[in-house]
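Each remark here refers to the structure printed beneath this line.
The values are calculated or read from the model by the stated rules, or taken from the named source; none is laboratory data. All of these numbers come straight from a predicted model, not from anything done at the bench. All Cβ positions, glycine included, derive from the backbone under ideal geometry; neighbour counts span all protein chains shown.
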């Protein structure tokens, strides 16, 4: 990929990932995030789930699929009203069977169920994992509000309601300071460079035990519910095994 000429890379990105290539001086597998302050080298915007294969590039630690989920609104509100809290693990088929039968989930929330099914299948393909940990929960209190990295290989997140994940460009944080004196220290993180995902976006995050040398886990945090007073409906899917790549 790195050896393609710029013109070939433009054609590839036109059909795959959305990025600015003007004044591009970094290798083609390091993409720039539109609308940010300066170049964000660790992020890739994608048009479809299969584009998230870009997460395996060395310098990429977050892939973002922007999308609208207005058609899910009624079911999402019903799920939040019911205080949904589904947690399970297994293969994709096992997870779908378990959540589909839980309280008639598949019949009562068919649009959300089909959306989850699509995301599970897409994550299975991109991660090449066989087993996963699944959570769909109504979040009513602060969780992981300090900047941190996840102790896993890969994680898929989508916030169906409420504020979504906040993450950092690699050049917006002093990792040494972050690890030594704490994730909320002002000298470790530059708040003005925080990137806010949108409700409905699908995020694929690289964790601290991703098994390729030279990669960095994404630094991110959850939005504060205590400050906003806004509950969240959060989908989280983790690989439930140590990934290996040839």
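How many of the residues in region 221-237 are modelled with pLDDT of 85 or more, more than 18 Å from residue 53 (Cβ to Cβ) and not in a loop (DSSP other than H, G, I, E, B)?
Number of matching residues: 6.
In region 97-118, how many are within 15 Å of residue 202 (Cβ to Cβ) and surrounded by 19 or more Cβ atoms within 10 Å (Cβ to Cβ)?
Of the residues in that region, 3 qualify.
Quick check: anything in region 182-199 closer than 19 Å to residue 57 by Cβ, over 15 Å from the mean Cα position of the chain (by Cα), part of a loop (DSSP other than H, G, I, E, B) and modelled with pLDDT under 90?
No, that holds for no residue.
For region 163-175, indicate whether the set of residues that are out of contact with any helix residue (DSSP H, G or I) (no Cβ under 8 Å at 6 or more places or on another chain), modelled with pLDDT under 85, surrounded by 19 or more Cβ atoms within 10 Å (Cβ to Cβ) and not in a strand (DSSP E or B) is non-empty.
no
With the requirement that a residue be closer than 18 Å to residue 90 by Cβ and in a loop (DSSP other than H, G, I, E, B), what does region 103-145 give you?
128, 129, 130, 131
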